[in-house]
1. So which of S97, S136 ends up being away from ligand 2 (no atom under 16 Å from the Cβ) and among the hydroxyl-bearing types (S, T, Y)?
2. What number of residues within the range 183-198 are away from ligand 1 (no atom under 14 Å from the Cβ) and open to solvent by 40 Å² or more (accessible area, probe 1.4 Å)?
3. For S71, indicate whether it is under 24 Å from M1 (Cα atoms) and not in a strand (DSSP E or B).
4. Sort out which residues of the range 248-270 are under 16 Å from D167 (Cβ atoms) and open to solvent by less than 10 Å² (accessible area, probe 1.4 Å), and write them in order of number.
5. Of all residues being part of a loop (DSSP other than H, G, I, E, B) and of a type outside the set (D, E, K, R) in the range 234-268, which is farthest from Y292 (Cα to Cα)? Just the residue, please.
6. Report, by residue number, each residue of the range 199-233 that is over 20 Å from G137 (Cα atoms), open to solvent by less than 40 Å² (accessible area, probe 1.4 Å) and in a helix (DSSP H, G or I).
7. Going by the conditions given, is A132 among the aliphatic types (A, V, I, L, M) and within 16 Å of ligand 1 (Cβ to nearest atom)?
8. If you go through the range 147-182, how many residues are within 16 Å of ligand 2 (Cβ to nearest atom) and surrounded by fewer than 23 Cβ atoms within 10 Å (Cβ to Cβ)?
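The values are calculated or read from the model by the stated rules, or taken from the named source; none is laboratory data. Keep in mind that what you see is a predicted model, and the values were worked out from it rather than measured. Here the Cβ is made from the backbone with ideal geometry for all residues, glycine too, and neighbour counts use every protein chain on show. These area figures cover heavy atoms from the full protein model, side chains too; ligands, DNA and RNA do not enter into them. Shrake-Rupley method; radii C 1.70, N 1.55, O 1.52, S 1.80 Å.
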Amino acid sequence: MIVLGIETSCDETGVALYDSEAGLRAHALFSQVEIHAEYGGVVPEIASRDHVRKLLPLINQCLEAAGLNRSDIDGVAYTAGPGLIGALLVGTATGRSIAMGLNRPAIAVHHMEGHLLAPMLESDPPAVPFVALLVSGGHTMLVEVRAIGEYRILGETLDDAAGEAFDKTAKLLGLGYPGGPALAKLAEQGDAERFAFPLPMTKRPGLDFSFSGLKTHTRNLWLNGEQNDTTQADIAAGFQKAVVDTLVIKCRRAMQYTRAQQLVVAGGVGANLSLRQTLQQAGKKYGWKVSYPRLEFCTDNGAMIAFAGCQRLLAGQSSGPAFQAFARWPLDQLPVIETDGSQPPGRE
Ligand code: KG4
Ligand code: ZN
């Protein structure tokens, strides 16, 4: 089955063609980062309008790269939430219309399900059950994945998401927007031990996260100290280490709690090399396998949506012609994909 995947939940237009037999056939991405940079954050209306401009050309580009025609598409998967409602509506309306025009099924995909299944696009895919650490600009969660579609949220952030904390700290240090990758790069040159940083919510039991205290601590260090290049790099390194150590402590707790042996890391912050290295070491020490998507599929992309949608379409699920997008959409309320051959009912 060849599935066209469409991702427009925030500031990236992502398109892909996933073939259930041959794997990923093509993918294309347009990032709006430079468009929003001058505003210091994503402007929703500008995001929606740019998705309108880029989506159809990217679909045509993918078809051409894969050597396929529109009529070769067997199903369409589009991100229907959570995200910016206007941006989501562009992908949802386009995806649903293409499916209707071709008389093929369409499926609404949950953006975070896309992220957590993204490592399955790699050559050594993780097998269920596993624990997923989802760390993006909008979410930070630990999820127990018992089967595809069967998600139990073990812990979530009570305030900022990990990526948001990276971005806000980067902005404070004058690194521009979105600053996560820039902060990570600067941290490589810094001394992470020079300043003491708190490890939020690690002393008490539980799997929830909170990053706002860490952000305030960082602000106080920067605003009340001598502002030079060395201090900037040392604060970046200390902040990154505090986030990474906190995430690793919570992952270890979640692995012990669920007795899982497989950890999956996904979402934009999953591209952070220090996080990847530290989790890899922890995996070796404690006997877990750790899987990640390739770096370009950590951040938003169409491939993860095509893959997630394909699993649901193959299981007989589909979304009807009346389309809807959801700014909020709880991950633990999705229908489970039965793997024993029985066909779960469609969504409508
Ligand atoms: O998953 P994603 O593309 O979008 C959302 O669904 O939110 O994640 C984007 C987030 C941004 O906050 C960005 O700063 C962060 O991921 N990010 C990083 C790195 N690369 C991207 N944060 C830390 N280190 C990185 N290397
Ligand atoms: Zn995302």
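1. S97
2. Total satisfying the criteria: 7.
3. Yes.
4. G267, G270
5. A260
6. Within the range 199-233, W222, T231, Q232, A233 meet the criteria.
7. The answer is yes for A132.
8. The qualifying residues number 5.
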